[in-house]
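Novice: Have a look at the structure that comes next, please.
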Amino acid sequence: MDTKAFRTRQEFHHEEHPRGKDYIIGLDAGYSSMKVYYENGYFAFPSYARKIDDSMLQIFNKKDILYRDLDTNEVYILGYSAQEMISSTETNDTYSESYARKRYGTKTFKILCNAALGIALEKKNDDREIIIQTGLPSSYEDADKPALIKALSKPARFEIKVGERPWKGFELAIKEDNINVMPQPAGSLYSVLINNKGSYMPGARDILFGNCLVIDIGFGTFDFYGIKGRAIACKESTDEMGMRQVLYSTCKKIMSNYSEDVRINALQRNLTTGVFTHLNEDKMKTEDISLSPILEEANQEVFNDAMEKAKGVTSSFRDYKYLIITGGTGAAWYDKIKDYLKGMHTLQIIPGNVNDNTSMIYSNVRGYYLFRYVADRKK
């Protein structure tokens, strides 16, 4: 197993997308990573931030994302570089604190969202209004929508520095009416329906008016969004079946077998190297242990549980004609799911990135952007 494929990615891509009457930003503020799709490109970085001392700012890394709060003058390092700073024995980042559902009011959440929006706004040079299209897990949407809008609309003064680029300052005060929220899996549905030019695909009507199920398997949640006869038939979310659970189970196995307390954020570096270090304190001897078999065992166990959950929620996929697979874990499990459902000839399986060459981690946020672009154009 290629453990590197399981690490939360950080990357920036320049690509021209249809330009709206307003300045549209598709924002997917995930548990594992921030994903953004906007008119000049798309990008992702890990949803992790650490407060740092100014003395660290003399040496810069091209992977650094730095954030300075202009009201407090506090400086934070975000994403990949922040994860690389985690000690193998660090336990400050607890499981519950890092991945709590009600995280919208936390300072870290606001910093990560501000930084993501700032990067998307770096090249904006006109007076168009900023419009945000984002999403929430299917069954959380109604309850969490007000808190998310409140967090994103809170005024902020900050600077960001990405890689070797100079600092750039921002003053954000986005109107609440300009922040739109949909069920996360609906983003991938629209990503399948709309092409890169902002036009509906030839088969879009059949998918939209037929019986279609989207399963969005991300880091923190496993979301179901089903449509039957043009009516929503299923909106469910579970937080025990995604990549977070795979990595959490991997950490538990490492602790059980090797007595090494490795937390999920610290495990990210080990996913890159493919090994973790076991220290025998009695013999003062270190040994590199392959992570692959442990991760593979945990991954298969969580996959099996997830498919049983899916059968229960969807009545064994009964009456669905189309199944859209999306999310980072959906990408990792895509072949497994196809094999699991290979006997269902009535079900057509579609990857969330069928209309573009990007990873499935962007399928939701691409759909956010294109849906809002089409709505903006009609307006």
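The values are calculated or read from the model by the stated rules, or taken from the named source; none is laboratory data. Since this is a predicted model, take the numbers as computed values, not measurements. Counting neighbours? That spans all protein chains shown, and the Cβs are built from the backbone with ideal geometry, glycine included. Heads up: the accessible areas ignore ligands, DNA and RNA and are worked out on the full protein's heavy atoms, side chains in. Shrake-Rupley method; radii C 1.70, N 1.55, O 1.52, S 1.80 Å.
Novice: Do you know which of the residues in segment 252-267 that are closer than 19 Å to residue 220 by Cα and charged (D, E, K, R) is least open to solvent (accessible area, probe 1.4 Å)? Talk me through it step by step, then tell me what you get.
Specialist: Here is the first cut: in segment 252-267, the ones closer than 19 Å to residue 220 by Cα are 252, 262-267.
Filter again for charged (D, E, K, R), leaving 252, 263.
Working: 252: 120, 263: 70 Å².
Checked segment 252-267; the qualifying residue least open to solvent (accessible area, probe 1.4 Å) is 263.
Novice: Which condition number in (1) within 19 Å of residue 123 (Cα to Cα); (2) part of a loop (DSSP other than H, G, I, E, B); (3) touching a strand residue (DSSP E or B) at 6+ places or on another chain (Cβ under 7 Å) is the one that residue 8 fails?
Specialist: Every listed condition holds for residue 8 apart from (1).
Novice: Taking segment 208-258, which residues are polar (S, T, N, Q), assigned to a helix (DSSP H, G or I) and more than 16 Å from the chain's Cα centre (by Cα)? Break it down stepwise before answering.
Specialist: Step one: of segment 208-258, the residues polar (S, T, N, Q) are 211, 221, 237-238, 245, 249-250, 256-257.
Okay, now just the ones that are also assigned to a helix (DSSP H, G or I), so 245, 249-250, 256-257.
249, 250, 256, 257 - these are the residues of segment 208-258 that are polar (S, T, N, Q), assigned to a helix (DSSP H, G or I) and more than 16 Å from the chain's Cα centre (by Cα).
Novice: In segment 165-207, which residue that is under 21 Å from residue 113 (Cα atoms) and part of a loop (DSSP other than H, G, I, E, B) is least open to solvent (accessible area, probe 1.4 Å)?
Specialist: Once the filter is applied, the top-ranked residue is 174.
Novice: Follow-up. Just the residues that are part of a strand (DSSP E or B), open to solvent by 10 Å² or more (accessible area, probe 1.4 Å) and in contact (Cβ under 8 Å) with a residue 60 or more places away in the chain, please, taken from segment 36-54. It would help to see each step written out before you state the result.
Specialist: Taking segment 36-54 first, the residues part of a strand (DSSP E or B) are 36-38, 41-46, 49-52.
With open to solvent by 10 Å² or more (accessible area, probe 1.4 Å) added as a condition, the list becomes 38, 42, 49-52.
Within segment 36-54, 38, 42, 49 meet the criteria.
Novice: Condition (residue is touching a His at 6+ places or on another chain (Cβ under 8 Å), under 20 Å from residue 187 (Cα atoms) and of a type in the set (Ser, Thr, Tyr)) applied to segment 40-47: is it met by at least one residue? It would help to see each step written out before you state the result.
Specialist: Applying the first criterion (touching a His at 6+ places or on another chain (Cβ under 8 Å)) to segment 40-47 yields 40-43.
This time we only want the ones that are under 20 Å from residue 187 (Cα atoms), so: 40-43.
Checking which are of a type in the set (Ser, Thr, Tyr) leaves us with 42.
Scanning segment 40-47, I find at least one residue that is touching a His at 6+ places or on another chain (Cβ under 8 Å), under 20 Å from residue 187 (Cα atoms) and of a type in the set (Ser, Thr, Tyr), so the answer is yes.
Novice: Hey, another quick one. Collect the residues in segment 11-35 that are more than 17 Å from residue 128 (Cβ to Cβ), assigned to a strand (DSSP E or B) and out of contact with any Asp or Glu (no Cβ under 6 Å at 6 or more places or on another chain), keeping them in residue-number order. Steps first, answer last, please.
Specialist: Start the filter on segment 11-35 by keeping residues that are more than 17 Å from residue 128 (Cβ to Cβ), which leaves 11-15, 28-35.
With assigned to a strand (DSSP E or B) added as a condition, the list becomes 11-14, 28-29, 33-35.
Hits for segment 11-35 are 11, 12, 13, 14, 28, 29, 33, 34.
Novice: Within segment 327-379, which residues are within 23 Å of residue 30 (Cα to Cα), among the hydrophobic types (A, V, I, L, M, F, W, C) and part of a loop (DSSP other than H, G, I, E, B)? Can you show your working first?
Specialist: Pass one, segment 327-379, residues within 23 Å of residue 30 (Cα to Cα): 327-334, 337, 350-373.
In the following step, the residues that additionally are among the hydrophobic types (A, V, I, L, M, F, W, C) were identified as 331-333, 337, 350, 354, 360-361, 365, 370-371.
Passing the criteria: only 354.
Novice: Report, by residue number, each residue of segment 208-250 that is surrounded by 21 or more Cβ atoms within 10 Å (Cβ to Cβ) and farther than 26 Å from residue 143 by Cα.
Specialist: Residues satisfying the conditions are 246, 247, 250.
Novice: With (1) part of a helix (DSSP H, G or I); (2) closer than 25 Å to residue 364 by Cα as the list, and residue 301 as the residue in question, which single condition is left unmet?
Specialist: All conditions pass for residue 301, except number (2).
Novice: Residue 138 - would you say it is open to solvent by 20 Å² or more (accessible area, probe 1.4 Å), at pLDDT below 95 and among the small types (Gly, Ala, Ser)?
Specialist: On the way: open to solvent by 20 Å² or more (accessible area, probe 1.4 Å): no; at pLDDT below 95: yes; among the small types (Gly, Ala, Ser): yes.
The answer is no for residue 138.
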